[in-house]
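The values are calculated or read from the model by the stated rules, or taken from the named source; none is laboratory data. Everything numeric here is computed off the predicted structure, so don't read it as measured data. Neighbour counts run over all protein chains shown; Cβ positions are idealised from the backbone, glycine included.
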Amino acid sequence: MLLYLHIPFCHRICPYCSFYKHTPGPSSAGDFINALSREAKHRIAQTNEAPRTIYLGGGTPSMLSPSHLTQLFESLQESIDFSKLDEVTLEANPATFDAKKAALFRELGVTRVSLGIQSFAPHVLATLGREHSPDEAARSVEILHDAGIPHINIDLMFSIPGQTKSDWESTLTRAIELKPHHISAYNLTYEEDTAFFESLQRGEMRENEDIDAEHFHLAHDLLLSNGFDHYETSNYAQAGHQSSHNLGYWQGEDYLGLGPSAVTTIGNTRSKNIPDTARYIEQVNTLGHALGEAEHIDPESRRIERIALGLRTRMGIPMSLLDTAARSRATTLATEGLAHIDHDTLTLVGRGRALVDPIAAELI
Ligand code: SF4
């Protein structure tokens, strides 16, 4: 089982972000950490299963104070045997931690830090509403190396309005020079309920599939020529540095989500915590959990999810997930050089890897 903890606080809100998050506001971080610790004790005990990975996402978990981080990890250590864990990831933003805090991450058992840098071009960072400078981002990577974090990921984004091919190439080059173990290169998506989505609706921003493909292939070629393995549509890793938590998720492992808005999928049931920090705290303090809506996942929905997520990975999917018409289409994709079929496993290759969403839609 995978364990996810959602920390909803951010210093400021990025206009493209659809995650549940807010500035600290009236909900005190102390009350939140108390509630999260209580929920962890209650729900981990209920599952009766030791998690294989822990992922602290958000929001900006690196914003938490050293004492809140310590309190949270101490309470997790009471519920979980950390020696059994394969990976402990903490999402971080540049300039939200210094050398002392990075050393604390390591001391608390964090093995992987995922740093949201997005770009090294100042005008692109301004479009994205990011508050860090390129130099602060670079310094943050150096701090993590110095602290001995074994797995460092840098998140980057492409196809951003105003971002040229040369901006994207310089960003990738500077990221590679910082020697991270892993780079995630995401195509900007316009998610509902974001300021970017509204700009798209008003025609002030435009999607461009040609630019998406050009930027995707630029990243692919540059990262592969610098020793990275392309193991998932948006993810590249040096040998031995793949994200164990994310791989588990893409391969359909059960996951327990704690914190406001966090989703849990165990067996055929999917549930979601209340996406409201104040109500989350109140409910956890009363009931020990903050579960909101729950749904049954039928086998057909599971099959569709496994195809959509599995095709994104270099491990691909078993052909047995496909119906007869889709198997025949997969064979055609293989003859077109977009896919590879080996021992009943279908993987996307070449241009097929950039076309994962339309191909998955065809096969489903
Ligand atoms: S992108 Fe990250 S830093 Fe920006 S609002 Fe979303 S969670 Fe916060």
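General remarks:
- Pair list, Cβ < 7 Å and 6+ apart or interchain, from region 21-38 residues that are among the aromatic types (Phe, Trp, Tyr) to residues that are modelled with pLDDT of 95 or more and within 15 Å of the ligand (Cβ to nearest atom): PHE32/THR277
- On the stretch given as region 1-34, residues that are surrounded by 19 or more Cβ atoms within 10 Å (Cβ to Cβ) and away from the ligand (no atom under 12 Å from the Cβ) total 7.
- Residue identified as in contact with a Phe, Trp or Tyr (Cβ under 9 Å, 6 or more places away or on another chain) and of a type in the set (Lys, Arg) among ARG314, ARG329: ARG314
- Failed item, numbered, when ALA126 is tested on (1) surrounded by fewer than 17 Cβ atoms within 10 Å (Cβ to Cβ); (2) touching a residue at least 24 places away in the same chain (Cβ under 8 Å); (3) farther than 22 Å from GLY259 by Cα: (2)
- The set of residues in region 288-314 that are touching a residue at least 60 places away in the same chain (Cβ under 8 Å) and either surrounded by fewer than 18 Cβ atoms within 10 Å (Cβ to Cβ) or not charged (D, E, K, R) (or both) comprises GLY288, HIS289, ALA290, ILE304, LEU309, GLY310, THR313, ARG314.
- Qualifying residues in region 315-335 (those that are free of Cβ contacts under 8 Å to residues at least 24 places away in the same chain and of a type in the set (D, E, K, R)) - the one surrounded by the most Cβ atoms within 10 Å (Cβ to Cβ): ARG327
- Any hit, region 352-362, residues being modelled with pLDDT under 95 and over 23 Å from the mean Cα position of the chain (by Cα): yes
Every residue, every condition in (1) at pLDDT 95 or above; (2) more than 19 Å from GLU253 (Cα to Cα), yes or no:
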| position | (1), (2) |
| --- | --- |
| GLU282 | yes, yes |
| ASN285 | yes, yes |
| ALA290 | yes, yes |
| GLU293 | no, yes |
| HIS296 | yes, no |
| PRO299 | no, no |
| THR313 | yes, no |
| ALA326 | yes, yes |
| LEU333 | yes, yes |
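- Scanning region 174-184 for residues that are β-branched (Val, Ile, Thr) and either assigned to a strand (DSSP E or B) or over 22 Å from the mean Cα position of the chain (by Cα) (or both) yields a total of 1.
- Listed by position, the strands (runs of 3 or more DSSP E) inside region 262-337 whose residues that are of a type in the set (Asp, Glu) and within 30 Å of GLY58 (Cα to Cα) number at least 1 are 291-296.
- Residue count for region 185-212, restricted to those that are hydroxyl-bearing (Ser, Thr, Tyr) and in a loop (DSSP other than H, G, I, E, B): 3.
- Residues in region 35-68 that are assigned to a helix (DSSP H, G or I) and either within 16 Å of the ligand (Cβ to nearest atom) or under 19 Å from the mean Cα position of the chain (by Cα) (or both): PRO61, SER62, MET63.
- Of the residues screened, THR265 is one that is free of Cβ contacts under 8 Å to residues at least 40 places away in the same chain and among the polar types (S, T, N, Q).
- Residues in region 35-50 that are surrounded by fewer than 18 Cβ atoms within 10 Å (Cβ to Cβ) and of a type in the set (Gly, Ala, Ser): ALA45, ALA50.
- When ALA99 is tested against (1) more than 27 Å from SER184 (Cα to Cα); (2) surrounded by fewer than 16 Cβ atoms within 10 Å (Cβ to Cβ); (3) not hydroxyl-bearing (Ser, Thr, Tyr), exactly one condition is not met: (1).
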